[in-house]
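For reference, the structure is listed below as structure tokens.
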Amino acid sequence: MLDWIESLFATMLAQTHVWGFLAALPFIAAGFVGIVFPALPGTILIAGGFLVYGLIAGFDNLSVWFFVGQGVLICLGYAVDLMATAWGVRKFGGSKAAAWGAVLGTLLVFVIGPIGILIGPLLGAIIGELLMGEQIRQALHSGFGSFLGFIAGVAAKMMIAGIMVAWFIFQIM
């Protein structure tokens, strides 16, 4: 029995596909972390893992159309992320200024780091409402909507990332 396990282990390690997949896993894992903590470019890291796999195992199973499709999913993920934040603000009665403030507030991640993605949209929506002359209560309400929109965006990007990874696994099987 031990000889069978040793031969199976040696056969698996001789496969470049196994090495490629093992090398891609940290990128995929970091990509999922980046979706929740957007200081990392989540879906781009996931696609980078696919590229690493191809460089190690060969691109026989990963066509140009696969990477074009992955690029479309990456763009969709970023668009959904921005739209979800604006949707959350608008759903909670925020003005266009609050929605734009929330979207622009996401840029705070580049100034203060990962926490900026959580408080940036919140502060942006609040500031947008206050600039439009709204009361602090409405501004806070819009800020809360931006946070819920962020959560919805994370959920949508997780689904998109799941589709990306499932497509990758389907392609390499």
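Only the coordinates and a few stated rules stand behind these numbers; no lab work does. Since this is a predicted model, take the numbers as computed values, not measurements. All Cβ positions, even for glycine, are placed from backbone atoms using ideal geometry, and neighbour counts span all protein chains on display.
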* To do: Would you mention how many residues in region 17-38 are surrounded by fewer than 15 Cβ atoms within 10 Å (Cβ to Cβ) and among the hydrophobic types (A, V, I, L, M, F, W, C)?
  => 6
* Asked: over 21 Å from Val33 (Cβ atoms), touching a residue at least 60 places away in the same chain (Cβ under 8 Å) and aliphatic (A, V, I, L, M) - does that describe any residue in region 101-110?
  -> no
* Asked: Considering only region 33-68, how many residues are farther than 18 Å from Ala23 by Cβ and among the hydroxyl-bearing types (Ser, Thr, Tyr)?
  -> 2
* To do: Residue by residue through region 111-133, note down the ones that are β-branched (Val, Ile, Thr) and in contact (Cβ under 8 Å) with a residue 24 or more places away in the chain.
  => Ile117, Ile126, Ile127
* Every residue from region 62-90 that is hydroxyl-bearing (Ser, Thr, Tyr), closer than 16 Å to Ala47 by Cβ and in a helix (DSSP H, G or I) -> Tyr78
* Could you tell me which numbered condition Gly93 fails, if it satisfies all but one of (1) exposed (fewer than 15 other Cβ atoms within 10 Å of the Cβ); (2) touching a residue at least 24 places away in the same chain (Cβ under 8 Å); (3) part of a helix (DSSP H, G or I)? => (3)
* Those helices (runs of 4 or more DSSP H) lying entirely in region 97-173 with at least 1 residues out of contact with any Pro (no Cβ under 9 Å at 6 or more places or on another chain) and hydroxyl-bearing (Ser, Thr, Tyr) -> 136-172
